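Encoded as structure tokens, the structure appears first; notes follow it.
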Amino acid sequence: MEDDVPGGPLRRMSSRIRRVAPKMVAALASSDNREQAALARLEALESDNAFAEVMEVSSEEDDSLDGDGQAHMQRRQSKNMKRKTRQGKAMENAKRAPRTFIEILHDANLEALPRHVPTYLRAAVGPPSASARRYFCAVCGFAACYTCVRCGARFCSCRCQVIHNETRCLKFIS
Amino acid sequence: MSSSSGVIVLDNGGGLCKAGFGGDRDPVAVVPNCLGRPAGAGGKRWMVADQLLAPEVDVTSLALRRPFDRGYLINTDLQREVWDRVLRGLLHADPAHTSLLLVEPLFNIPSIQRATDELVFEDFGFQSFYVADSPSLVHLYEASRCPALATAQCSLVVDCGFSFTHAAPVLQNFTLNYGARRLDLGGKALTNYLKELVSYRSVNVMDETFIIDDAKEKLCFVSLDVTRDLHLARRSGKDNPFKCTYVLPDGITCTKGFVKDKDEAWRFLSSRDVQSLPLAATREGTAHLEDTEKAKDRRIDLTKNEFNMTNERFLVPEMIFRPADLGMNEAGLAECVVRAVHACHPHLHPVLFESIILTGGSTLFPQFAERLQQELRPLIRDDYRLKIITQEDPILGVWRGGSLLASSPDFEEMCVTKLEYEEFGSARCRRRFFH
């Protein structure tokens, strides 16, 4: 009976359980982490622009202001102006920075349409019906029958496990 | 300028932008739809479209910016740059006196359509404008070549492109959009996957999108029997039929990557399964010395930047048929096709299975059609015939359909003119295209 009570009196647990329990909780939570990592990886596969887009704010304007060596007066005057321009620049940047497709899709609010209307969302093919997932070794690519206990990646042999542990283990998680 | 009609046909894909004049057989320009900038010094200027293909351009660590995200146009500024280059620089066309036939992806989102209309009419000032979708154009083109398709009047178009794959039924030149199914895998995802694999296993190529794209096109193929091929790929040295080497450009002697021993890389396709197995075993004893010498050649040359590929060659395109292996919760291509067909009226099923057309650049992998046939057969009824039609040039298939449509006499009537756009606005004009 007492065992059924979750998180019951700590006194009754052995010290080992007490030590391990939080770790178990963390491990359970980490399955969620693994999912997140897998999703992030799929996201990376879809990325169109190989490089993170860095919007270059043209620094020329700032340079010219400083480089002119103008008097204090002007600078103080320009302070007010500057705030405006900075705001304006931000606005411009916001306008210039392209929205991602996901954002556009979200704004389009396709969920609101009735069920029978074919949309981007309803055209997705959906989960597979029959085939089970096959696993391939993360290191060499051959069929893998072992799972890494720390990160959930797959490997096929001891050799690959060693390589995996040295190089990539937890790479996608931490 | 060609002698044909004043219609510009533009198949604006996520990867390649195909542009030319209606009525022609081939487009004038097939260029990457992106802007690129070299990483090192002198990398101030963005190169547009065809400039990236010039032989002297160093493609290593090219920073790319694409106007497309997940197959849809999101950045009209970049698109304007590319179109400007293509239309004015390569086609030498004057938009004010020409019509435009633009190919849009299926299920385009209204806000993107509006932005596209703005780009077409306000930035470029085209005289008139027509929007088509790729499945109907492919059907149109194939029906003009194949009388059986013309009488059937319907087909199932599998468009395996850069950003995604669509299986869409077409009936009497209209795409049945309630039947279309999308698989979120295309050439781009495969390239990125190959990039990831190669970077982990041999050389870091995470920044070399162009080069890995090239390696993928030259070396990847679809396996007809994955387990057997995996066994074969395990062999070492010369016995391994799939092992091949891709040499990265070094910027001095070569600016483009290439495959070492091209014939060697594809010999397994000619000497198929039964022969290759015992042959390799008997040769082992007799020509051992020779083998070791050859093996020396085949070993990675450290002075050059190159990488070996074995099982990656078929495991990468394999993902289109089994996305689940990648961790995606999506059905494979064969099931995608079946679902697309089953969404239509039952009377159409046998006809659709009999006329499956493959188009798009990712169907160019060797043995793609055979594998699809092999996977589809068990999924459909015994008494249905199954026929897969491959296009002679899958990349240009859509464009040629567009060219055909543009040269038809009543094309101008279907268009929306600039005047109509100015009067009624975008949404109203779009209704004409039945989207």
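Quick notes
- Degrees between helix B:187-201 axis and first principal axis of chain B (Cα, 0 to 90, nearest 10): 30 degrees
- As a length-normalised measure over Cα pairs under 8 Å and 6 or more apart, the relative contact order of the range B:336-435 settles at 27 percent.
- Surface accessible to a 1.4 Å probe, residue B:399 within the full protein complex, Å²: 0 Å²
- For the chain pair B and A, buried accessible area totals roughly 4800 Å², probe 1.4 Å, rounded to the nearest 100.
- Solvent-accessible area lost in complex, 30 Å² minimum, residues of the range B:91-120 relative to chain alone, 1.4 Å: B:107, B:109
- Global form of chain B, assessed from the alpha-carbon gyration tensor, a/c cut-off 1.5: oblate
- Accessible area per residue for the range B:32-155 is 37 Å², calculated with a 1.4 Å probe on protein heavy atoms, without ligands, DNA or RNA.
- The angle separating the long axis of helix B:397-406 from the principal Cα axis of greatest extent in chain B is about 20 degrees.
- Annotation: per residue accessible area for the range A:134-173 equals 56 Å², rounded to a whole number [probe 1.4 Å, protein chains only].
- Of B:196, B:318, B:142, the one that fluctuates the most in a GNM where chain B has Cα springs shorter than 10 Å: B:196
- Relative contact order %, the range A:134-173, counting alpha carbon pairs below 8 Å whose residues are six or more apart: 34 percent
- Nearest-10 value in Å² for the accessible area of residue A:103, using the 1.4 Å probe: 90 Å²
- Portion, in percent, of the accessible area of chain B that falls on carbon or sulfur, probe 1.4 Å: 52 percent
- Computed with a 1.4 Å probe over protein heavy atoms only, the accessible area of residue B:414 comes to about 60 Å².
- For chain B, the mean residue ellipticity at 222 nm estimated from helices alone is -10500 deg cm²/dmol, where every DSSP H run of n ≥ 4 contributes -39500 (n - 2.57) and the total is divided by all residues, rounded to the nearest 500.
- List B:412, B:264, A:111, ordered by accessible area with a 1.4 Å probe, largest first: A:111, B:412, B:264
- Candidates B:184, B:11, B:383, ranked by Gaussian network fluctuation over chain B, Cα under 10 Å, top entry: B:383
- Comparing B:407, B:128, B:202 in a Gaussian network model of chain B, where Cα atoms under 10 Å apart are tied by springs, the biggest mean-square fluctuation is seen for B:202.
- Surface share of carbon and sulfur [accessible, 1.4 angstrom probe, percent] for the range A:134-173: 57 percent
- Sorted largest first by accessible area at a 1.4 angstrom probe radius, with every protein chain in place, the residues B:238, B:188, B:418 fall in the order B:418, B:238, B:188.
- The C-alpha atoms of chain B define a longest principal axis, and helix B:333-342 lies at about 40 degrees to it.
- Average Cα contact separation per residue, chain B, under 8 Å, 6 or more apart, as relative contact order %: 20 percent
- Drop in accessible area of at least 20 Å² in the complex versus isolated chain, residues of the range A:100-123, 1.4 Å probe: A:101, A:102, A:104, A:108, A:118, A:120, A:123
The values are calculated or read from the model by the stated rules, or taken from the named source; none is laboratory data. All values reported here derive from a predicted model rather than from experimental measurement. Note: areas computed on protein heavy atoms with side chains; ligands, DNA, RNA excluded. Shrake-Rupley method; radii C 1.70, N 1.55, O 1.52, S 1.80 Å.
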